[in-house]
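Participant: Dropping a structure here in structure tokens format, bear with me for questions.
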Amino acid sequence: MRIGVLTGGGDAPGLNAAIRAIVKRCEKYGFEVVGIKYGWAGMLKPETLELEYENVKDVVGIGGTILKTSRTNPLKTPGGIKTVAKTFKDLRLDALIAIGGDDTLSVAKALSDSGMNVVGVPKTIDNDVSETDATIGFDTAVNTAMHIIESLRDMAESHERIVVVEIMGRHAGWIALHSGLAAGADLILIPEEPFKIEDVVKFVEKKMASGQKSLVIAVAEGAVIADYKGLVTKDTSVDQFGHVRLGGIGEFLAKEIENATGIETRAVTPAHIIRGGPPTAFDRMMATRYGIAAVDLVKGGKFGLMVALKAGEIVTVPLSKALSKMKNINK
Ligand code: F6P
């Protein structure tokens, strides 16, 4: 048996732990593993890496992905699916394990629908893939964001300022909510709960009137300002999956608060800092369990499925179900 493995979309801490587990499990079963480089781009224009235990034995604690990644979408490339199918054949693959978020997995599903033997593993710091309690990278991103918010609180308290921290997470507020709560932020703004600037200003004024001298606000990059023209974005460009580049809501909000209240307000955007660095023990363990489960699915001839975490157990769900909707915070 010869299995391909790829990582697509944004990098995330824990990807290497999953790759390592896949290689180790394959070795146990006597399967060969081929690493496909640069996500789906590596299936369009083949770029591979033969994976053996020697290549992966020391990567469990390293962030990013040794296979590299991209946001390439074969469904947006003329003849993309056919080209991927040809590469699958040329590489003599029996199955492909795709590790990624909803974008990468939506391609996996399309390929599975076309008859290819594909298994999915959920990864994204955003944690917005349905049918799983957690995706690879989320726990690490939350912990990193929590430490950043705590550091900024020290500054805000010492200088008696307000600080607005903009946290990644696209259209789901999981990272902002979890890191904000864990760090004791005064206010957390998430996409699931549109807000008005005037309400934020009122909240700040009330806190200050009660004697508080500093304030920490966590805002998700995709938070929605009611009555505003749309999301706050870097520019109008979109990637191959149709996503805009979010960013700027923290700066915007900080200016609005400072103008309305006269209180010095700083904006900090950790951006990709929360997507890098060594994975937490939780992410390493979960990614390892996902990797093992994915190879076991292949061994059992079960495809079109995604491995998932539910109440501490590793389970499998149809890719179609996992991709039917985005997992948002339940109000
Ligand atoms: O999907 C993960 C994520 O980090 C989002 O939180 C963020 O909006 C996006 O990727 C940024 O993507 P890029 O690294 O391509 O700018």
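Participant: Considering the alpha-carbon set of the range 131-183 alone, what are its Rg and its Dmax in angstrom?
Facilitator: 12.4, 44
Participant: Assuming R0 = 35 Å, what is the FRET efficiency of HIS272 and ASP90, from their Cβ-Cβ distance, to the nearest 0.05?
Facilitator: Once the sixth-power term is evaluated, E becomes 0.55.
Participant: Run a plain Debye calculation on the range 2-62 (Cα atoms as equal point scatterers, no solvent) and give log10 I(q)/I(0) at q = 0.17, 0.19 Å⁻¹, rounded to two decimals, same order as the q list.
Facilitator: Results for the range 2-62 at q = 0.17, 0.19 Å⁻¹ read -0.54, -0.67.
Participant: All other residues with a Cβ under 12 Å from the Cβ of TYR38 taken together, and with Lys, Arg as +1 and Asp, Glu as -1, what is their net charge?
Facilitator: After counting each charged neighbour, the total is +2.
Participant: Could you give the spread of the C-alpha atoms of the range 203-331 along their three principal axes, from largest to smallest, in whole angstroms?
Facilitator: The principal-axis extents, from largest down, are 64, 35, 30 Å.
Participant: How much area per residue is accessible in the range 72-172 when the probe is 1.4 Å and only protein heavy atoms are counted (Å²)?
Facilitator: Each residue of the range 72-172 exposes 35 Å² on average to a 1.4 Å probe.
Participant: Another question, if that's okay. Could you work out the Kirkwood radius for the range 92-230, taking every pair of different alpha carbons, averaging 1/r and inverting it, reported in Å?
Facilitator: 16.9
Participant: Keeping every protein chain present and rolling a 1.4 Å probe, give me the accessible area per residue for the range 199-287 in Å².
Facilitator: 52
Participant: Please get the size of the charge dipole for the range 255-331, origin at its Cα centre, with Cβ charges of +1 on Lys and Arg and -1 on Asp and Glu, quoted in debye to the nearest 20.
Facilitator: 400
Participant: Suppose only helical runs count, i.e. DSSP H with n ≥ 4. What mean residue ellipticity at 222 nm does that imply for the chain under -39500 (n - 2.57) per run, divided by all residues and rounded to the nearest 500 deg cm²/dmol?
Facilitator: That comes out to -11500 deg cm²/dmol.
Participant: Moving to a separate point now. Show me 111-119, 190-198 ranked by packing, highest mean number of other Cβ atoms within 10 Å first.
Facilitator: The packing order, highest mean first, is 111-119, 190-198.
Participant: Between the range 297-330 and the range 75-93, how far is it from one alpha carbon centroid to the other, in angstrom?
Facilitator: 24
Participant: How much net charge surrounds SER237 when only the other residues with a Cβ under 13 Å from the Cβ of SER237 are counted, with Lys and Arg +1 and Asp and Glu -1?
Facilitator: Residues close to SER237 contribute a combined charge of +1.
Participant: Once amide H atoms are built 1.01 Å from N in the peptide plane, which residues 5 or more positions from ARG161, or in another chain, come under 5 Å H to H?
Facilitator: Correct list: LEU215.
Participant: What net charge is computed for the residues neighbouring ALA12, neighbours being all others with C-beta under 11 Å from the C-beta of ALA12, Lys and Arg scored +1, Asp and Glu -1?
Facilitator: -2
Participant: Something else now. Could you state, as a whole-number percent, how many of the C-alpha pairs of the range 290-331 are farther apart than 15 Å?
Facilitator: That fraction is 48 percent.
Participant: So if R0 is 22 Å, what FRET efficiency would ARG245 and GLU47 give, r being the distance between their Cβ atoms, rounded to the nearest 0.05?
Facilitator: Given R0 = 22 Å and the Cβ-Cβ separation, E is 0.30.
Participant: Right, another one. Sketch the reach of a paramagnetic label on LYS57 as a point 7 Å from Cα along Cα-to-Cβ, and name the residues of the range 14-32 whose backbone nitrogen lies under 13 Å away.
Facilitator: 24
Participant: Determine, at each q value in 0.07, 0.11, 0.16 (inverse angstroms), the log₁₀ of I(q)/I(0) that the Debye formula gives when each Cα of the chain is one equal point scatterer.
Facilitator: Here the Debye-derived log intensity ratios amount to -0.31, -0.70, -1.22.
Participant: Within the range 92-110, which residues have the backbone N less than 20 Å from the label spot 7 Å out from SER324 along Cα→beta-carbon, could you tell me?
Facilitator: Counting backbone N atoms under 20 Å from the label point, the list is 101-110.
Participant: With each pseudo-label sitting 7 Å past Cα toward Cβ, what's the ALA311-LYS229 distance in nm, one decimal?
Facilitator: 4.9
Participant: Continuing with the same structure: Take the alpha carbon atoms of the range 1-67, find their center, do the same for the range 141-208, and report the distance between the two centers in whole angstrom.
Facilitator: What the calculation gives is 36 Å, centre to centre.
Participant: While we're on this one: Please give the FRET efficiency for LEU75 paired with LYS213, using the beta carbon to beta carbon distance and R0 = 45 Å, rounded to the nearest 0.05.
Facilitator: With R0 = 45 Å, the Cβ-Cβ based efficiency is 0.30.
Participant: Counting only protein heavy atoms, what percent of the accessible surface of the chain is carbon or sulfur at a 1.4 Å probe?
Facilitator: 51
Participant: Per the Kirkwood formula on distinct C-alpha pairs, the Rh of the range 43-166 is how many angstrom?
Facilitator: Roughly 17.5 Å, rounded to one decimal.
The values are calculated or read from the model by the stated rules, or taken from the named source; none is laboratory data. Just so you know, these numbers come straight off a predicted model, no measurement behind them. Virtual Cβ from ideal backbone geometry, glycine too; neighbours counted across all protein chains shown. In case anyone asks, the SASA skips ligands and DNA or RNA and just uses the protein heavy atoms, side chains included. Shrake-Rupley method; radii C 1.70, N 1.55, O 1.52, S 1.80 Å.
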